[in-house]
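Throughout, read-outs are computed from the coordinates displayed, never taken from laboratory work. Source: prediction; values computed, not measured. All Cβ positions, glycine included, derive from the backbone under ideal geometry; neighbour counts span all protein chains shown.
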Ligand SMILES: Nc1ncnc2c1ncn2[C@@H]1O[C@H](COP(=O)(O)OP(=O)(O)O)[C@@H](O)[C@H]1O
Ligand SMILES: [Mg+2]
């Protein structure tokens with residue numbers, strides 16, 4: 001490894017990161033991480049591609065859902081669930097309507113958006129994060145004020161937004177958490193989506209979108225009421241609702257795959273977790289969020305947190321870190337207890353009651369779950385909780 005070690009200072013100068021070895025990047029963009037799959041798909045893909053798409057809709061579907069190519073090459077599944085939803089999403093992006101991925105947190109909206117952009121445009125980085133503080137310039141353009149003051153408005157003083165860049169290059173712009181942006185900022189999208197034009201009155205010019213341009217937005221339904229989408233804007237989107245995984249085994253597979261790839265990226269010195277351990281965590285989360293045990297026999301109280309697949313992934317992942325650095329390298333109940341408890345107890349009073357009750361009535365009684373019961377009970381009773389869990 002050390003043979004290829006470069007002179008450090010050299011590389012640090014490259015703020016774009018282009019010079020850094022790809023394996024040193026903590027979170028690679030989808031198009032980097034899956035470059036091989038995308039290249040292979042492009043090679044075998046002889047179907048018609050919409051203007052300026054890197055792949056045909058067939059190949060994009062295969063990239064998202066996985067499959068085996070005629071060449072024998074295996075494409076890993078990115079989205080696990082209803083194939084129809086992905087088809088609708090991909091087909092939408094080939095029309096003049098934009099795509100809105102909608103659903104509760106942790107249902108792979110951002111994940112799907114990133115992979116769609118990587119497969120269709122070869123670039124998932126044209127990203128605008130929606131927050132209460134997002135202003136128009138994040139969507140339209142801004143100014144380099146130093147230059148603006150010296151030169152007056154000029155193309156060189158313009159700070160191009162990811163949206164403008166996507167229009168100029170015929171790519172996909174991604175908007176995260178669209179409904180968190182103030183309504184008037186959301187409304188700047190209307191012209192862009194209906195006229196496919198971004199006027200720059202200061203320069204007496206406009207940017208006309210090139211073919212291939214479109215927008216993928218995500219929004220949480222938990223954010224409802226924050227800033228509803230105006231009806232004018234809703235009409236310009238096709239909405240695809242991403243659901244929680246329907247079956248236990250589906251959710252276990254998602255967690256298993258993500259944990260494996262995260263563990264690799266973090267270089268955790270731990271064994272791959274036993275599927276049984278993942279299944280237990282996923283079962284607990286599914287039962288708590290559903291309000292009933294999987295056999296349908298016992299009603300349980302649902303805690304206030306989301307407890308989605310994404311939480312299960314992070315609980316297993318932090319359990320693995322515990323096992324790797326403080327345990328024997330294998331994931332046991334004791335490594336998971338703190339993470340599970342932290343994910344479940346968001347409200348220090350009511351969630352705690354719900355969790356203790358569930359531990360007593362369900363976990364304790366289940367065959368082979370005594371270790372999990374003991375570990376979680378101890379954590380829940382002894383308040384080994386983080387400040388956040390204590391509501392500080
Ligand atoms: N159906 C699914 N298929 C594949 N991965 C999923 C699925 N549901 C959740 N995930 C995983 O959950 C994690 C969180 O997803 P994310 O896109 O951040 O959620 P959201 O944006 O909906 O809040 C991702 O790592 C993703 O891989
Ligand atoms: Mg998201």
Does region 230-286 come out rounded, prolate or oblate by the C-alpha gyration tensor, with a ≥ b ≥ c the root eigenvalues, rounded set by a/c under 1.5 and, if not, prolate when a/b is larger than b/c and oblate if not?
oblate
Viscosity 0.890 mPa s, temperature 25 °C: what is the translational diffusion coefficient of region 248-382 from Stokes-Einstein with a Kirkwood Rh over Cα pairs, rounded to a whole number of µm²/s?
166
Sorting 331, 126 on the 10 Å Cβ count, fewest up front, what's the list?
126, 331
Could you tell me how many degrees, from 0 to 90 and to the nearest 10, lie between the Cα long axis of helix 109-121 and the main elongation axis, the longest principal axis, of the Cα atoms of the chain?
40
Candidates 31, 136, 195, ranked by Gaussian network fluctuation over the chain, Cα under 10 Å, top entry
195
Which shape class, rounded, prolate or oblate, goes with the chain when its Cα gyration tensor gives a ≥ b ≥ c as root eigenvalues, a/c under 1.5 marks rounded, and past that a/b bigger than b/c marks prolate?
prolate
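For region 159-313, which semi-axes, largest first and in whole Å, follow from the square roots of 5 times the eigenvalues of its Cα gyration tensor?
Listed largest to smallest, the semi-axes of region 159-313 are 41, 21, 12 Å.
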What is the angle, in °, between the Cα long axis of helix 248-266 and the longest principal axis of the Cα atoms in the chain? Nearest 10 is fine, range 0 to 90.
70
With a 10 Å cut-off between alpha carbons and a GNM built on the chain, which of 198, 99, 275 moves the most?
275
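Suppose a student asked you for the relative contact order of region 19-166, using Cα pairs under 8 Å spaced at least 6 residues apart; what percent would you report? Kindly include the intermediate steps, with their values, before the conclusion.
Values: 150 pairs, mean separation 28.2, N = 148.
For region 19-166, the relative contact order is 19 percent.
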Neighbour-count order for 326, 373, fewest beta carbons within 10 angstrom listed first:
326, 373
With Cα coordinates, the longest principal axis of the chain makes an angle with the long axis of helix 83-93, in degrees rounded to 10, of 20
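Going by how many other Cβ atoms sit within 10 Å of their own, how do 278, 345 line up, fewest first? Kindly include the intermediate steps, with their values, before the conclusion.
Details: 278 25, 345 28.
So the residues, fewest neighbours to most, are 278, 345.
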Label point at residue 250 placed 7 Å out along Cα→Cβ; residues across region 112-150 whose backbone nitrogen lies under 18 Å
112-113
Where the centre of each part is set by its Cα atoms, how far does region 147-183 sit from region 36-96, in angstrom?
29
Taking every DSSP bridge whose two residues both lie in the chain, the antiparallel percent to the nearest 5 is 35
Only Cα pairs within less than 10 Å get springs; with that Gaussian network setup on the chain, which residue of 324, 310, 146 has the largest fluctuation?
146
Do you know the relative contact order of the chain, to the nearest whole percent, from alpha carbon pairs under 8 angstrom that are 6+ apart?
13
